[in-house]
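One structure is given below, encoded as structure tokens.
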Amino acid sequence: MIEASRGRPQRIAVVAVHGVGDQQPFESARAIGDLLQNIDADPSPLANRPEPCATPPSPVHPQYDPFVERTIRINVRPLVIKDEPRGSVGGARDAHDTFHQFVDEQRRERRRPYEDDAWYAFMRGQLRCYHGEGPEETYETVRLEGRRTARGAPEQIVHVYEAYWADLSRLKAGVFSIFTELYQVLFHLSSLGTHVVDAEALHHQGRSWTAFHNLQRYASVWLTVPVAIVNLFILGAFACAATLLRLRLLTPAIQIEIVVCTMAAAGAAVSGRLLWRARNRRVWLWSAPAGAALAIAVVAWRAVHGRCGGRWPFADAACAQLVSESRGAAALILGAAAAIGLWLLVGAYDQRRPGAKRAAVRLGLAILAADAATIVWTRAANPASDRALFVVFRSLEVLYLAALVAWTGFFLLSLAALVAGIAAVRRIGAADRDRARRSFWTARLALAIPSFSFAVITMGFWGAVNYVLGPATSGLPYTPIVAWVPTATVDALLLRLQEYGGANAWPVMMAAAGVAAVPALWGLVPIVWAEVVPPDFWTAREGRYSERLGDWLTVTFRGLRISGELIYFTMIPVVPMIVGTLLVLQVAGATGWFAWGAYVLTNFQVLGRLSAAVFAWLFAVRGRVKQAALGFRSGIDILLDLDNWLREHPLNRNPKARISGRYVSLLRYVCGWRDPFDPPRGYDAIVIVAHSQGTVITADIFRFLLWESRGDLPAYDPSLAPLDDIPVTLFTMGCPLRDLYALRFPRLYAWARHEDPAPMASWRARDLGAGRQSTEPNPAELGVVRWINAYRSGDYIGRYLWRTAPCGYLWARDSGGAPFDAPAQSVSTDGRQRTEFCIGAGAHTHYWDRTAPAIALELDRLIATSTST
């Protein structure tokens, strides 16, 4: 116990760590300050709802003086990573770029890992290449400075800080953030399945697990590299086609002039680049490229305007030849521009998906060769008068065939991973089978969601292209490569490509998504209502309401398993079966059966379109209109934040490394702070208040600091050495460590979930103490002296941590907080380090407002007793 001497009050640092959502900078610190300032020294009893006008207002004595806000700026430096990692993982970890490679190495050497090896190796790999931020990215935060002046208690100086991380995890709300989120869901979410299977395979030998963890990775890579890149090429081909069609509508003279000016500008740019590299100092030579380009434009306009001023067709054969050649040149220019644009996009993508650039080059060369071969092979059959458009649409047809091959490869690999996963799980003993099954389920879900989303968006893109280009290509003659594509015009080609690309399966997919959403809509309606219209404190404390909400959500979670299975089996076996069957019918010439099958599938269109509109709305809502998503948007937010927290690439700048660097830099500042009126003294205690994803960030960082430092903080990072002497209290709420991370990533977060089946039928004091089979998660593993967890019964992200599922008072409301060694009714504790309580009914986002005064009272109690050890 640290005693405060007369005239020297204790100094307490409170660090607020926000959760998912669209939090703004400083918002969390201010919310905590508002909570504390609203506490009165003589609060009315919380057990009874006050009657309106029952008593007149009386004088109040706030517990805290008004806070003063100061802005502070902190240079961000990374976590220290030791040269040699701890434990059995050995020094080989730093020789590999990915966790998958690490697992391969460990399995080849047949090393027996510790339980935490997977978590430690994975997090160390994420942090080891990050070296901090530049001066322009200095972290700006606030410090609220106030005093706790409760009657009969020593005065305390209280400073509130904020560990803000939302800007490092996701872009700010806006139009372009929609595409950022789509990128994550489409092209990165599948890697989470790879991580969870790799972590499980680290603990199992045998060919079945080797095959499973390799096939899972191959399926993920196939979706995010060949499938994604081929569709990116298709986007470039469509851009070229649309531009050529638009150019076709202009007068011949303007068409030729645009092409000449573009070529002249490109030549000037190349010449300027050469002059730049040669360090030219002559003014006349410096101005020559621009002057030459301008002169070429003027001369070209003068030469072609008189002859080609009319519209198509031309009477002048020479003019027609010029236009034909200019359109060929335009096609080359557009192809080069598309190639450059795609190269830049693939280069940026390669930072997050290493190997994408190399794969893009190989795919591009193969497709280019196939494209050239088919053009040469079928040029005699070209009925088009516009050769440039023929080449572009021939390229588009080749790309479609390549996309068909890419999707086929993904589906085959996914089915192979399914079979291998079933075989691998069956070979696991009863003790580990539950974790293996949960890993297997996460792996399937991680393939189903992104592939489903990508297929839906791709088909929607095809439909939009047909809608835009269809009228412009009507009547343009075309002969397809393969005879089973019945088309004689370009617009018919686009329609057939859309049909054979899965458009007929699109209504089925969206209908399945709508049906899969029914359990969520049905089960989460009461929860969403509590999110949108949160119950006040006294309503939330009603025992029957809290219990009904908690039990209903538990059953809903079980029902959501059906939703996930439906999405998976719709995407993996059903969709390829539909597309493949229709293709076989078309190739076999069974056009009647093909038409009948397509007609049957159209019966799903109404439900499909309705569900598509709902899913599009969930991605589109932003900012203040987010309430229009009726609380369902938070599910997407936590999915995106989880994905970012577990992302490996880019190795030198992934979100976890940047967030951890900022968080630890703030801790260094707090540890090094000194009272300006008493310089030898710093803070006497630290209280961390974390919500939702902020609890995962805090727990992972503190646990990693303890592991990486081997318990010797002064030798590891001297600026953090005061943490050995300053007691740290962790207060979490809505914590997803057990119900999300440890459930869906059983090996990476095994430390966060206990498997104690002992029933807790009726409440007893210190029910988390003696007699429990396990204590996970253990506060001592984080280096904190106390860990308090609060939750609401309807919190769909995180609820209890230490209680067991068969608990008779699981949803019983708390009594406003209680000491560790003297718990009140329904408050669980071990009497020393762990405390857990439910604050009643409610959902996930309302912990730091007027609906949860129990949180404010508990935080105030922790501040008052934070120096007790």
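The table below gives the values:
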{"item": "Pairs with Cβ under 8 Å, 6+ apart, first in segment 560-572 and among the aliphatic types (A, V, I, L, M), second open to solvent by 60 Å² or more (accessible area, probe 1.4 Å)", "result": "Leu566/Val515; Ile572/Leu415"}
{"item": "Filter result for Thr442 (touching a Lys or Arg at 6+ places or on another chain (Cβ under 6 Å) and modelled with pLDDT of 85 or more)", "result": "yes"}
{"item": "Residue in segment 677-700 that is hydrophobic (A, V, I, L, M, F, W, C) and open to solvent by 10 Å² or more (accessible area, probe 1.4 Å) present", "result": "yes"}
{"item": "In segment 672-704, the residues that are in a helix (DSSP H, G or I) and within 25 Å of the chain's Cα centre (by Cα)", "result": "Gln693, Gly694, Thr695, Val696, Ile697, Thr698, Ala699, Asp700, Ile701, Phe702, Arg703, Phe704"}
{"item": "Residue under evaluation Ala356, criteria (1) aliphatic (A, V, I, L, M); (2) at pLDDT below 85; (3) closer than 20 Å to Gly236 by Cα; (4) open to solvent by 70 Å² or more (accessible area, probe 1.4 Å), criterion not met", "result": "(4)"}
{"item": "Residue match in segment 403-410 (condition: surrounded by 20 or more Cβ atoms within 10 Å (Cβ to Cβ), more than 30 Å from Leu202 (Cα to Cα) and either over 27 Å from the mean Cα position of the chain (by Cα) or of a type in the set (Lys, Arg) (or both))", "result": "no"}
{"item": "Residue pairs meeting the criteria (Cβ under 8 Å; at least 6 apart or on separate chains; first under 18 Å from Trp787 (Cβ atoms), in segment 757-769; second aromatic (Phe, Trp, Tyr) and modelled with pLDDT of 85 or more)", "result": "Leu768/Trp802"}
{"item": "Residue check for Val346: β-branched (Val, Ile, Thr), more than 30 Å from Arg217 (Cα to Cα), surrounded by 18 or more Cβ atoms within 10 Å (Cβ to Cβ) and at pLDDT 80 or above", "result": "no"}
{"item": "Number of positions in segment 635-647 that are modelled with pLDDT of 85 or more and either over 19 Å from the mean Cα position of the chain (by Cα) or buried (at least 22 other Cβ atoms within 10 Å of the Cβ) (or both)", "result": "1"}
{"item": "Inter-residue pairs, beta-carbon under 7 Å, first touching a residue at least 40 places away in the same chain (Cβ under 8 Å) and in segment 223-242, second not in a helix (DSSP H, G or I), 6+ apart", "result": "Thr224/Arg353; Val225/Arg353; Val225/Gly355"}
{"item": "Positions within segment 255-286 being β-branched (Val, Ile, Thr) and within 17 Å of Ala331 (Cβ to Cβ), in sequence order", "result": "Ile256, Ile258, Val259, Val260, Thr262"}
{"item": "Selection from segment 227-252 of residues that are open to solvent by 20 Å² or more (accessible area, probe 1.4 Å), farther than 16 Å from Asn466 by Cα and within 33 Å of the chain's Cα centre (by Cα)", "result": "Leu232, Phe233"}
{"item": "Contacts under 8 angstrom Cβ, first residue in segment 426-443 being among the polar types (S, T, N, Q), partner in a helix (DSSP H, G or I), 6 or more apart", "result": "Ser439/Val196; Ser439/Val197; Ser439/Ala199; Ser439/Glu200; Thr442/Leu192; Thr442/Gly193; Thr442/Val196; Thr442/Arg744"}
{"item": "Every residue from segment 720-744 that is touching a residue at least 12 places away in the same chain (Cβ under 8 Å) and open to solvent by 10 Å² or more (accessible area, probe 1.4 Å)", "result": "Ala721, Pro722, Leu723, Ile726, Arg738, Asp739, Leu740, Leu743, Arg744"}
{"item": "Of all residues in segment 281-323 being open to solvent by 40 Å² or more (accessible area, probe 1.4 Å) and within 28 Å of Gly236 (Cβ to Cβ), the one that is modelled with the lowest pLDDT", "result": "Trp312"}
{"item": "Hey, Arg379 of a type in the set (Lys, Arg), exposed (fewer than 14 other Cβ atoms within 10 Å of the Cβ) and either outside any helix (DSSP H, G or I) or at pLDDT 80 or above (or both) or not", "result": "no"}
{"item": "Residue within segment 783-793 that is modelled with pLDDT under 85, of a type in the set (Phe, Trp, Tyr) and within 23 Å of Leu549 (Cβ to Cβ) present", "result": "no"}
{"item": "Leading residue by the ranking (farthest from Phe704 (Cα to Cα)) among those in segment 750-782 that are hydrophobic (A, V, I, L, M, F, W, C) and outside any loop (DSSP other than H, G, I, E, B)", "result": "Met760"}
{"item": "Meets criteria (aromatic (Phe, Trp, Tyr), more than 23 Å from the chain's Cα centre (by Cα) and either modelled with pLDDT under 80 or under 30 Å from Ile32 (Cβ atoms) (or both)) for Tyr164", "result": "no"}
{"item": "Any hit, segment 801-824, residues being closer than 20 Å to His18 by Cβ and either in contact with a Pro (Cβ under 7 Å, 6 or more places away or on another chain) or among the hydroxyl-bearing types (Ser, Thr, Tyr) (or both)", "result": "yes"}
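Here's the yes/no breakdown for (1) under 29 Å from the mean Cα position of the chain (by Cα); (2) modelled with pLDDT of 90 or more; (3) of a type in the set (Phe, Trp, Tyr):
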{"site": "Glu115", "(1), (2), (3)": "yes, no, no"}
{"site": "Glu133", "(1), (2), (3)": "yes, no, no"}
{"site": "Glu137", "(1), (2), (3)": "yes, no, no"}
{"site": "Glu140", "(1), (2), (3)": "yes, yes, no"}
{"site": "Arg143", "(1), (2), (3)": "no, yes, no"}
{"site": "Gly146", "(1), (2), (3)": "no, yes, no"}
{"site": "Thr149", "(1), (2), (3)": "no, no, no"}
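The values are calculated or read from the model by the stated rules, or taken from the named source; none is laboratory data. Computed from a predicted model, the values in this text were never measured in an experiment. Using ideal geometry, Cβ is built from the backbone for each residue, glycine included, and neighbour counts are taken over all protein chains shown. Side chains included, ligands, DNA and RNA excluded: accessible areas come from the protein's heavy atoms. Shrake-Rupley method; radii C 1.70, N 1.55, O 1.52, S 1.80 Å.
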